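Engineer: Please read through the structure below; I'll follow up with questions.
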Amino acid sequence: MKNSSKPLEQLREETLKLLESNFTHDVISVEEYEKRVDIALNTSTGEDLIRLSGDLVPLAGQQKPASPRPVRHSKQKDLIVGILSGIRRRGRWNPAKHNKIITVLGGVKLDFTEVQMPDGTTTLEFFCLMGGLDIIVPDDVRVDVSGLPIMGSIENRVSDPEDPNCPVLKIRGITLLGGVEVKPPRKRRRGRRNR
């Protein structure tokens, strides 16, 4: 069954409209309005948006944003193999709870930027033999990386988010004459270079 929870941006837009209507009807002060709008524009979780509008009154036919339903894994296990070839997953794809990744003289690129990450932990277990694995992780996902590089490398360039309840990507494995790189989306990497 397809998850029916509202996308974060839709929830953000509804919350901002509710804040605006409550401000224009003098339900909240200008200071409170500005403070909540700032939080609404910068948060990366639906729970924050729900909390912002919890005490507000729907006006002019508006409804309070509905609490997002928990996102669950669509399947328990998946196998991703790149042998003498390249595999790329990007856009809105659905990771399994446990993912095995094998690269032999090939490459695998997993982009989680547009993935609606399931609650809890998603596991990536890799084996790279003279191959490469690139994992792109957005700001609102915690990364837990460990492994054994044999004449290879495992590099984590992602910072932990502040939210302790965010989804977790657990990455484990072995690389032999290969490389594993966990990195933020390109836009954020450019911003870091310009600092």
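Engineer: Being surrounded by fewer than 19 Cβ atoms within 10 Å (Cβ to Cβ) and more than 17 Å from V71 (Cβ to Cβ) is the filter here, so list the residues in the stretch 148-169 that pass it.
Structural biologist: Within the stretch 148-169, L148, P149, I150, M151, S153, E155, N156, R157, S159, D160, E162, P164 meet the criteria.
For (1) in contact with a Gly (Cβ under 8 Å, 6 or more places away or on another chain); (2) part of a strand (DSSP E or B); (3) crowded, with 17+ Cβ neighbours inside 10 Å; (4) of a type outside the set (A, V, I, L, M, F, W, C), each residue gets a yes or a no:
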| residue | (1), (2), (3), (4) |
| --- | --- |
| I80 | no, yes, yes, no |
| R88 | no, yes, no, yes |
| W93 | no, no, no, no |
| A96 | no, no, yes, no |
| I102 | yes, yes, yes, no |
| K109 | yes, yes, no, yes |
| Q116 | no, no, no, yes |
| S146 | no, yes, no, yes |
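Engineer: Another question, then. Got a number for residues in the stretch 118-144 being closer than 24 Å to T45 by Cβ and either outside any strand (DSSP E or B) or touching a His at 6+ places or on another chain (Cβ under 8 Å) (or both)?
Structural biologist: 10
Engineer: Just to verify a result, which residue in the stretch 80-107, among those that are free of Cβ contacts under 8 Å to residues at least 60 places away in the same chain and closer than 13 Å to T123 by Cβ, is nearest to the chain's Cα centre (by Cα)?
Structural biologist: If we take residues in the stretch 80-107 being free of Cβ contacts under 8 Å to residues at least 60 places away in the same chain and closer than 13 Å to T123 by Cβ, then P95 is nearest to the chain's Cα centre (by Cα).
Engineer: Could you list, in sequence order, the residues of the stretch 118-144 that are among the small types (G, A, S) and either loosely packed, with under 15 Cβ neighbours inside 10 Å or farther than 17 Å from I83 by Cβ (or both)?
Structural biologist: Once the filter is applied, which keeps residues that are among the small types (G, A, S) and either loosely packed, with under 15 Cβ neighbours inside 10 Å or farther than 17 Å from I83 by Cβ (or both), the stretch 118-144 yields only G120.
Engineer: Among (1) within 20 Å of K75 (Cα to Cα); (2) in a loop (DSSP other than H, G, I, E, B), which single condition is N165 missing?
Structural biologist: Looking at each condition in turn, N165 falls short on (1).
Engineer: Return the residue satisfying two criteria in turn: it lies in the stretch 170-195 and is at pLDDT below 90 and under 15 Å from the mean Cα position of the chain (by Cα), and of such residues it is surrounded by the most Cβ atoms within 10 Å (Cβ to Cβ).
Structural biologist: This residue is R188.
The values are calculated or read from the model by the stated rules, or taken from the named source; none is laboratory data. Note that the structure is predicted; figures quoted are calculated from it, not measured. Ideal geometry is used to build each Cβ from the backbone, glycine not excepted, and the neighbour counts take in all protein chains shown.
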